[in-house]
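The structure appears right after this line, and notes come after that.
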Amino acid sequence: MINIQEKLEKHPELMSNPKNALKEVFLAVDAQLQKDPTIDAELSGTTAVVCLMRWTKGGKGTAWVANAGDSRAVLGVREGGRLKAVPMSEDQKPDTPLEYKRITKRGGFVSPPEYEWGGPARVWLDSNMTLPGLAMGRSIGDHLVGAIGVIAEPEVVEMDITPAADPTKDGPQFLVIASDGVWEFIDSPEAVDILQAANVSRSATEAVTKLIEAAAHKWRQEEGDYRDDITALCVNLTELFKRG
């Protein structure tokens, strides 16, 4: 995924049109992956979420969040003295309306969630559920289902951000970005609570380590030795924008 950062830094519209730059970079990385003979990306791929931030000396800033799949970006915002989770991206599950409409229009089949045992909605080539059973509507890779509407183009959200002056003041305090495995058994408000309890304002690194440990514990409880990817990072926005 380092290719996204490298291509974004070199994109001619990075400064003038970040939204378009992010979209084109996701698609370029997907195309590069498809051409790489050393990687079989027919039945393998990745979710991806990227946050680009830009700020002024006055402490105000803008964030662009590009998301393909079901990783997630969340803001921890203090409001009225209480922290709350504010979504910066939307999970692109196969049965969310926009994804479902595109996939089925192109001939794909979406099986509903298995509520009895907790299985997610999945994308299949046909109603016989032959292959591949992908649990997201967008992906970098997974080219087998590219023809039936699973795309690499991200949704890009632009948000104005004015971080809190310090951890005791109202406003955005921190940003957490994590892969889908973190969110499997931990929702956004719980993640914000875990980070806050771990004193994220003192050390974002230590706090996000606690979040990853909590996710690993949930996976052990629910799935035993198996777990999905639980990568996460946390950014202290108060400190980031102060330094900027």
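In Å and whole numbers, how far do the C-alpha atoms of the stretch 100-145 stretch along each principal axis, longest first?
Taking the Cα atoms of the stretch 100-145, the three principal extents are 29, 21, 20 Å.
Under unit Cβ charges (Lys, Arg +1; Asp, Glu -1), what dipole magnitude, rounded to 20 debye, does the stretch 1-123 have relative to its Cα centre? Please report the intermediate quantities before stating the final value.
On the way: 18 positive and 16 negative charges, 146 e Å.
Value, rounded to 20: 700 debye.
By how many nm would the segment from residue 90 to residue 240 lengthen if fully extended, with 0.36 nm per residue of separation less the alpha-carbon distance?
Values: separation 150, 0.36 × 150 = 54.00 nm, distance 2.43 nm.
So the extension gain works out to 51.6 nm.
Suppose each label sits 7 Å from its Cα in the direction of the beta carbon; what would the residue 187-residue 210 distance come out to in nanometres?
2.1 nm
With Rg and the Kirkwood Rh both taken from Cα atoms, where does Rg over Rh land for the stretch 29-164? Don't skip to the end; give the middle numbers.
Numbers: Rg = 17.7 Å, Rh = 16.5 Å.
My calculation of the ratio gives 1.07.
Among 233, 168, 188, which residue has its Cα positioned farthest towards the positive end of the charge dipole of the stretch 157-244, with +1 placed on the Cβ of Lys and Arg, -1 on the Cβ of Asp and Glu, and the dipole taken about the Cα centre?
Farthest towards the positive end: 168.
At 7 Å along the Cα-to-beta-carbon direction for both residue 231 and residue 38, put a label point, then send me their distance in nm to one decimal.
1.8 nm
What number, in percent, do you get for the relative contact order of the chain if the mean sequence gap of Cα pairs under 8 Å and at least 6 apart is divided by its residue count?
On the way: 490 pairs, mean separation 51.6, N = 244.
Relative contact order comes out at 21 percent.
If you place +1 on the Cβ of every Lys and Arg, -1 on the Cβ of every Asp and Glu, and leave all else neutral, what size is the dipole of the stretch 74-221 about its Cα centre, to the nearest 20 Debye? Mind showing how you got there, number by number?
Numbers: 15 positive and 22 negative charges, 12 e Å.
Charge dipole, the stretch 74-221, about its Cα centre: 60 debye, nearest 20.
How large is the accessible surface per residue of the chain, computed with a 1.4 Å probe and reported in Å² as a whole number? Could you put the intermediate results ahead of the total?
Values: 12920 Å² over 244 residues.
That works out to 53 Å² for each residue.
Given that compact globular proteins tend to follow 2.2 N^0.38 Å, what is the ratio of the alpha-carbon Rg of the stretch 129-181 to that value?
Numbers: Rg = 18.1 Å, N = 53, 2.2 N^0.38 = 9.9 Å.
Working it through for the stretch 129-181, the quotient is 1.82.
Which percent of Cα-Cα pairs in the stretch 1-108 sits in each 10 Å bin, short to long?
12, 33, 35, 16, 4, 0
Computing the accessible area with a 1.4 Å probe over protein heavy atoms, can you report the carbon and sulfur percentage for the chain?
51 percent
Take each of the peptides 234-241, 108-115, 152-159, average the number of other beta-carbon atoms within 10 Å over its residues, and list them starting from the highest.
Values: 234-241: 20.2, 108-115: 15.2, 152-159: 17.9.
The peptides rank, most packed first, as 234-241, 152-159, 108-115.
Between the alpha-carbon centers of the stretch 207-236 and the stretch 106-144, tell me the distance in whole angstrom.
Taking the Cα centre of each part, the stretch 207-236 and the stretch 106-144 sit 24 Å apart.
I'd like the FRET efficiency for residue 27 and residue 105, computed as 1/(1 + (r/R0)^6) with the beta carbon distance as r and R0 of 22 Å, rounded to 0.05.
Efficiency, from the Cβ-Cβ distance: 0.65.
Using R₀ = 30 Å, calculate the FRET efficiency as 1/(1 + (r/R₀)^6) where r is the Cβ-Cβ separation of residue 56 and residue 197; round to 0.05.
Numbers: r = 32 Å, r/R0 = 1.07.
According to the calculation, E is roughly 0.40.
For the stretch 39-84, with only Lys/Arg (+1) and Asp/Glu (-1) charged at the beta-carbon, what is the dipole magnitude about the Cα centre, in debye rounded to 20?
Numbers: 7 positive and 4 negative charges, 132 e Å.
Using only the charged Cβ atoms, the result is roughly 640 debye.
Can you compute the modelled spin-label distance between residue 128 and residue 220, with each label point 7 Å from Cα toward Cβ, in nm?
Result: 4.3 nm between the two label points.
Listed here are the pairs 10/101; 84/242; 93/242; 60/218; which of them are more than 26 Å apart at the Cα?
Those over the limit are 10/101; 93/242; 60/218.
Taking Rg and Dmax of the Cα atoms in Å as the quantity of interest, determine which of (1) 20.3, 69; (2) 21.8, 91; (3) 18.7, 58 was computed from the displayed structure.
Of the labelled values, this structure produces (3).
The values are calculated or read from the model by the stated rules, or taken from the named source; none is laboratory data. Values in this document were obtained by computation on a predicted structure and should not be read as measured data. Every residue, glycine as well, gets a Cβ built from its backbone with ideal geometry; the counts of neighbours run over all protein chains shown. Each accessible area value is taken on the protein alone, full model and side chains, heavy atoms only, with ligands, DNA and RNA left out. Shrake-Rupley method; radii C 1.70, N 1.55, O 1.52, S 1.80 Å.
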